[in-house]
Structures are given as C-alpha cells and as structure tokens.
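Trainee: I'd like to ask you about the structure that follows.
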Amino acid sequence: MKIKSLILASSAFFCAQLWAGNDFLADLSAVQHSWATVNYELQDDAKEKAFEALVKESEALVEHYPEKAESHIWHGIVQSSFAGAKGGLGALGLAEAAKDELEKAIKIDENALQGSALTSLGTLYAKVPGWPLALVAIKKPKTFSKSH
C-alpha cells in the first residue's frame, strides 16, 4: 500500500507541476526525482509498474517541451530503465524507443546535460544483448563515436 501511495503521490505531483507551473526546470526535476525514487527504492513488480507510469509522465514532458533535448534525454533514460527492470524480449521495444529518444536529443543538442544523451546511448548499447536477440530492435554501430 505504501508503494502504491508513493507512486500515486509522485504522479500527482508531477502532473500538477507539469501543467500548472509551465516551468521547464521544475517539470524536468519532477521526472528526475520520480526516476530516482522508482529506480533506487522500489523492487520487482512495484518497480516495473512504477516505471510504466513514469514512461507516460516523461512522454508528457516531451510532448510539452519537444524542442528541449533534456526532455528527450530523460524520456530515453526512463524508457531504458524500464527496459532494464522489465527484462527479456519484451524489453527490446522499450530499448529501441529509448534509442530513438536519445538520438533525437543528440540532434537537438548533443551537449545538453553535459552530453548525457551520448553517455546514455553508449550505456544502452552496452546493455542490450547481442545478436540474434537485438538484431531487429537495436542495430548497434560497429563503433560509437562523437561523430555518430
């Protein structure tokens, strides 16, 4: 029950911040804090369910601030983290979606959040299983460099 209350409270806080404040930094911070709570304090099914809700919240951030690389970075981080929590073949679609968001962020501003999109994309490539499992969902580059 405590976990359910925590998820509902963080979701309500995020939604209130996102639509009422219209302040990008506050909205971004809400996603970051929710991610930290879900990623470090929850376990197993509770973690997976909370990430599922957080993906929707980070998606709303991107919809509200599509021109901000930071919103795409955090949506990608949330999707990637959800993929890690979910595991298995069902996670590959989330990993591919995370890759797409991080690549969008790089196109907007590769230096946003001190290059976090590049770092997160490299981490994603390192964690996705190799051939043949990831062949369809994620095509890893032979080399990943700043020149992408």
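Trainee: What value in Å³ per residue do you get for the convex hull of the alpha-carbon atoms in the range 48-107?
Mentor: Numbers: hull volume 3.4 nm³, N = 60.
Spelled out: Cα convex hull of the range 48-107, divided by residues, is 57 Å³.
Trainee: Any chance you could run the full-extension gain for Thr123 through Lys49? It's 0.36 nm times the residue separation minus the Cα-Cα distance, nm to one decimal. The partial results should precede the final answer.
Mentor: Values: separation 74, 0.36 × 74 = 26.64 nm, distance 2.29 nm.
Contour length minus the Cα-Cα distance gives 24.3 nm.
Trainee: Taking 0.36 nm per intervening residue step and subtracting the Cα-Cα distance, what contour gain separates Glu59 from Glu41 on full extension?
Mentor: Details: separation 18, 0.36 × 18 = 6.48 nm, distance 2.20 nm.
Result for the pair: 4.3 nm of gain on full extension.
Where a number appears in this text, it was derived from the coordinates with a stated rule and is not lab data. Note that the structure is a prediction, hence the values are computed from the model and not measured.
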